[in-house]
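Asks: Before we start, here is the structure in question, set down as structure tokens.
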Amino acid sequence: MSDNFSGSFQATNHLIALGHRRICFMGGVFGSTVGTTRLNAFLHTMNEHGFAVRKEWILPGRLGYTESYEATKLLMSLPKQVRPTAAINITDTGALGVMDAVLDLGMSIPSDLAVIGFDDVFFASTRRIQLISVRIPSHELGRIRTNILIDRLSNTNPFAYQKTILSVELIIRDTCGGKSGEGFKA
């Protein structure tokens, strides 16, 4: 598995270092190991810095584009003094929905909402506003999992259990601060 705790820790610390205190976490499926680990790292990091997290800023199940888009429209309708200034979505697909909602509302990225995703999918770096993302080593994960499956199927070691945690990397792009220091608008 990828180091989900470290990825969320890096993303949260990056936003805090940029001055964000009101950060939204768009989590995953309730009870999933990945979503729970990333949420716990987010909460731990916020607590470590002494920042409160409002319950309306924790959104479980917000993985997909449409769900994230709709949730963001609701978040951004909160009064300015209580709405988040940044969002972490545990998928890039969801983060792209967040970005589109902000822009469709006539707001700016990152001035009105900074955004970070997870996975570093191809589209994260091809849009006009390039998404900051936690890069997951997908190919290496696939290779290791395939080798384990082959070992089990060939009975080489059918009961082998191997726990491998692979490093992740925060890929810095535009969505938490434009290259020119300006926000991006639609």
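The values are calculated or read from the model by the stated rules, or taken from the named source; none is laboratory data. Keep in mind that what you see is a predicted model, and the values were worked out from it rather than measured. In this analysis, Cβ positions are derived from the backbone assuming ideal geometry, glycine residues included, and neighbour counts consider all displayed protein chains. Only protein heavy atoms, including side chains, enter the accessible area calculation; ligands, DNA and RNA are left aside. Shrake-Rupley method; radii C 1.70, N 1.55, O 1.52, S 1.80 Å.
Asks: Here are a few candidate values for Kirkwood radius over Cα pairs in Å: (i) 18.6; (ii) 16.9; (iii) 25.1. Which one was actually calculated from the structure I just gave you?
Replies: Correct label is (ii).
Asks: In Å², what does the accessible area per residue of the chain work out to with a 1.4 Å probe?
Replies: 52
Asks: On C-alpha positions alone, give me the angle between the axis of helix 65-75 and the longest principal axis of the chain, in degrees, nearest 10.
Replies: The helix 65-75 is inclined about 40 degrees to the chain.
Asks: Using only alpha carbon pairs under 8 Å that are at least six residues apart, calculate the relative contact order of the range 1-44 and give it in whole percent.
Replies: It rounds to 52 percent for the range 1-44.
Asks: So, one more: If amide hydrogens are placed 1.01 Å from N in the peptide plane, which non-local residues have theirs closer than 5 Å to the one on Ile132?
Replies: Amide H neighbours of Ile132, under 5 Å, 5+ apart: Gly117, Arg173, Asp174, Thr175, Cys176.
Asks: Over what distance in Å are the Cα centres of the range 96-118 and the range 1-27 separated?
Replies: Between the Cα centres of the range 96-118 and the range 1-27 lies a distance of 16 Å.
Asks: Ordered by packing density, taken as the mean number of other Cβ atoms within 10 Å over each peptide's residues, highest first, how do 106-118, 6-18, 29-41 rank?
Replies: The densest-packed peptide leads the list: 106-118, 6-18, 29-41.
Asks: In whole percent, and with a 1.4 Å probe on the protein chains, what portion of the accessible area of the chain is carbon and sulfur?
Replies: 56
Asks: Helix 138-153 sits at what angle to the longest principal axis of the chain, using alpha carbons and giving 0 to 90 degrees rounded to 10?
Replies: So the inclination is approximately 30 degrees.
Asks: Right, something else. For Glu70, Glu56, give the ranking by accessible area with the largest first, probe 1.4 Å.
Replies: Result of the area sort, largest leading: Glu70, Glu56.
Asks: May I ask you to derive the relative contact order of the chain, considering only C-alpha pairs under 8 Å and at least 6 residues apart, and to give it as an integer percent?
Replies: Normalised by residue count, the contact order of the chain is 24 percent.
Asks: Then there's this: Determine how large the accessible area of Ser77 is when every protein chain is in place; take a 1.4 Å probe and give Å² rounded to the nearest 10.
Replies: Using a 1.4 Å probe on the heavy atoms, I get roughly 90 Å².
Asks: In terms of modelled amide H atoms, which long-range or inter-chain residues lie less than 5 Å from the amide H of Ser2?
Replies: HN-HN under 5 Å from Ser2: Leu166.
Asks: Taking a probe of 1.4 angstrom, what is the accessible area of His49 in Å², to the nearest 10?
Replies: 80
Asks: Leaving ligands, DNA and RNA out of it, work out the accessible area of Val53 with a 1.4 Å probe and give it in Å² to the nearest 10.
Replies: Surface accessible to solvent at Val53 totals approximately 50 Å².
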